[in-house]
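Heads up: the structure comes next, in structure tokens.
The values are calculated or read from the model by the stated rules, or taken from the named source; none is laboratory data. The shown structure was predicted, so the numbers you read here are calculated from the model rather than taken from an experiment. Don't worry about glycine lacking a Cβ; one is built from the backbone with ideal geometry, like all the others, and counts go over all protein chains shown. For the accessible areas, the whole protein counts, side chains as well, though only heavy atoms, and no ligand, DNA or RNA atoms are used. Shrake-Rupley method; radii C 1.70, N 1.55, O 1.52, S 1.80 Å.
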Amino acid sequence: MIVVEGVSKTYADGQPAALDNVSLQIADGSIFGIVGRSGAGKSTLLRCLNLLERPTSGRILMDGQDLTRLTGKALRQQRQRIGMIFQGFNLLHSRNVADNVAVPLEIAGVPKAERVARVAQLLALVGLSDKAAAFPSQLSGGQKQRVGIARALAARPAYLLSDEATSALDPETTASILALLRDINRQLGVTIVLITHELDVVKAICDSAVSLAAGRVVESGTLLQLQADPSSRLGRALAPNLQVVRAG
Amino acid sequence: MKTDWDEVLQLLLNATGETLYMVLLAGLFTLLIGLPLGVLLFISRAGGLFPLPRLNRALGAVINLGRSLPFVVMLIALIPLTRLIVGTTLGSTAAVVPITIGAFPFFARIVETALDDVDKGRIEAIVAMGGDIRHVIFKVLLPEALPALVAGVTLTLVMLIGFSSMAGVIGGGGLGDLAIRYGYQRFNNQIMVVTVVVLVVLVQGVQSLGDRCVRSLAHRR
């Protein structure tokens, strides 16, 4: 469970806070969405969860441990339990697909034979077993994100942070990546925290969501709570689309 | 004046040997000093991966000082240091000291720039998965920048060939020295021309070999 307690982040004195006293809870095994316009603080909040950004004040409790107190080796070990995927994929272009997926295992000091077996397993999970020897530049956007997901899961993290992971992809590829994330959540029990500016993404896979504006929490709750609350703007935006009737 | 081509050939072979000796040895030392220094310059920047702003500023100042001296001045100014390091101030080996000192600040800046061009997101990905500074340097920075680094080595080697041609000032020999002593001071145009041809071939060879390495490295990326 992740508990964010009164987290604020200010980049420079006199500037408006990127995050202003944000508190929220993310239940284990859930898919949690953070929405808001650009500049609302979504990305800063997500990056506080693995301390890529250090909060100016407040606490981030992950399974009871306050991340903001960690530095050096303890912080790096904690980060191995938190996978992350990115809008720009951030794969290493000097390595092929299999070697990209192996990076977190190398960092964790997993022996070579074990790494090879684990990488094969992960590539099968994301459906890219036949691309093990390919280089990132030879892959489509959707394939690159699958490699990113395999890499993020390599060290068996308890949490997966997704930074606009589908924003660079076309709608069909987005749907397949979201389906993969949901499968991973169900099968492996990995808690997923994602930020997105597309409400459809939240509607498709999230259990709970929070909306941010100007660094503050505007609304939060489970999807059902939000949708059932007539006064919730986020709930209305996330309402099931009744006009569309799918055949078959 | 009749030219004894056997003698010319002998002179050319000796001079080419001296040039290659100076360039390769100075190139090796330039790489050994410049590469770690370039990495240090990059990671020690304010707001960088391992911020040491004071050290960074001091290093930057020393490097700029090294780069602002004309090489031929440095060659003379460094004579006491050369004596300290190699025990003599004359000859090709002695010339390696000022050539290296003239070249490594330049190469360190090239390395710094090449590392700066590596996508910041890739660095962040390694940090996010719990990597430390060594992981960032050896798994991201150097491998991802490798084509740019090889291009930088090529550029530096060509510059070293230029530096080595001034080594004659301290008796270092080499092709530049041959061209000045025979071609210029003795008005021997044939020697001047063949020396120029050999230098051009040398530079072209280094450049096309470097380009080929860069292409094959970048090929699959």
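What is the mean projected area of the alpha carbon convex hull for the protein assembly as shown, to one decimal in square nanometres?
Convex hull of Cα atoms, orientation-averaged projection: 30.3 nm².
If the only charges are +1 at each Lys and Arg Cβ and -1 at each Asp and Glu Cβ, what is the size of the charge dipole of the range A:82-156 around the Cα centre, to the nearest 20 debye? Mind dumping the intermediate values first?
Working: 9 positive and 4 negative charges, 12 e Å.
That gives the range A:82-156 a dipole magnitude of about 60 debye.
Could you tell me the total accessible area buried at the B-A interface, probe 1.4 Å, in square angstrom to the nearest hundred? Intermediate values should be presented prior to the final figure.
Values: alone 12180 and 12270 Å², together 22540 Å².
Interface between B and A: roughly 1900 Å².
I'm checking a number: the convex hull volume of the Cα atoms of the range A:172-232, normalised per residue, in Å³. What is it?
Numbers: hull volume 5.7 nm³, N = 61.
Cα convex hull per residue, to the nearest whole number: 93 Å³.
Where does the Debye-calculated log10 I(q)/I(0) of the range A:82-156 sit at q = 0.16, 0.20 Å⁻¹, using only Cα point scatterers of equal weight, no solvent?
-0.46, -0.74
Might you report the magnitude of the Cβ-based charge dipole of the protein assembly as shown about its Cα centre, with Lys and Arg at +1 and Asp and Glu at -1, to the nearest 20 debye? Write down the numbers at each step before the final one.
Working: 44 positive and 34 negative charges, 89 e Å.
Charge dipole, the protein assembly as shown, about its Cα centre: 420 debye, nearest 20.
Over all distinct alpha-carbon pairs, what is the Kirkwood Rh of the range B:5-218 in angstrom?
It works out to 18.7 Å.
At 222 nm, what value in deg cm²/dmol follows for the protein assembly as shown if DSSP H runs of at least 4 each add -39500 (n - 2.57) and the sum is divided by all its residues, to the nearest 500?
Numbers: 18 runs with 250 residues, N = 469.
About -17000 deg cm²/dmol.
Quick one: Debye curve from the alpha-carbon atoms of chain A only, equal weights, vacuum; give me log10 I(q)/I(0) at q = 0.09, 0.14, 0.17 Å⁻¹ to two decimals.
Debye output, listed in q order: -0.40, -0.96, -1.32.
Could you name every residue in the range A:136-159 that has 20 Å² or more less accessible surface in the full protein assembly than in its own chain alone (probe 1.4 Å, ligands and nucleic acids excluded)?
Buried on complex formation: A:S137, A:R151.
Given a Förster distance of 22 Å, report the FRET efficiency between B:L28 and B:A218 from their Cβ-Cβ distance, rounded to the nearest 0.05. Don't skip to the answer; put the middle values down first.
Numbers: r = 24 Å, r/R0 = 1.11.
After rounding to 0.05, the efficiency reads 0.35.
What helices does chain B have that are whole DSSP H segments, at least 27 Å long along their own axis by Cα, and with mean Kyte-Doolittle hydropathy of -1.0 or more? Kindly include the intermediate steps, with their values, before the conclusion.
Working: long enough: B:5-43 (55 Å, 1.56); B:92-116 (35 Å, 1.17); B:142-164 (31 Å, 1.75); B:189-218 (43 Å, 1.28).
What comes out of the filter, once short or polar helices are dropped, is B:5-43, B:92-116, B:142-164, B:189-218.
If you count only protein heavy atoms with a 1.4 Å probe, what accessible area per residue comes out for chain B, rounded to a whole Å²? Numbers along the way, then the final one.
Details: 11200 Å² over 221 residues.
Ligands and nucleic acids excluded, the result is 51 Å² per residue.
Let's test the formula: R0 of 22 Å, r as the Cβ-Cβ distance of A:A214 and A:L61. What FRET efficiency results, to the nearest 0.05? Mind dumping the intermediate values first?
On the way: r = 25 Å, r/R0 = 1.12.
Efficiency, rounded to the nearest 0.05: 0.35.
Whenever you get a sec, compute what percent of the accessible area on the protein assembly as shown sits on carbon and sulfur atoms (1.4 Å probe). Intermediate results must be reported in sequence, preceding the final value.
Numbers: 13090 of 22540 Å².
On the protein assembly as shown, the fraction of accessible area on carbon and sulfur atoms equals 58 percent.
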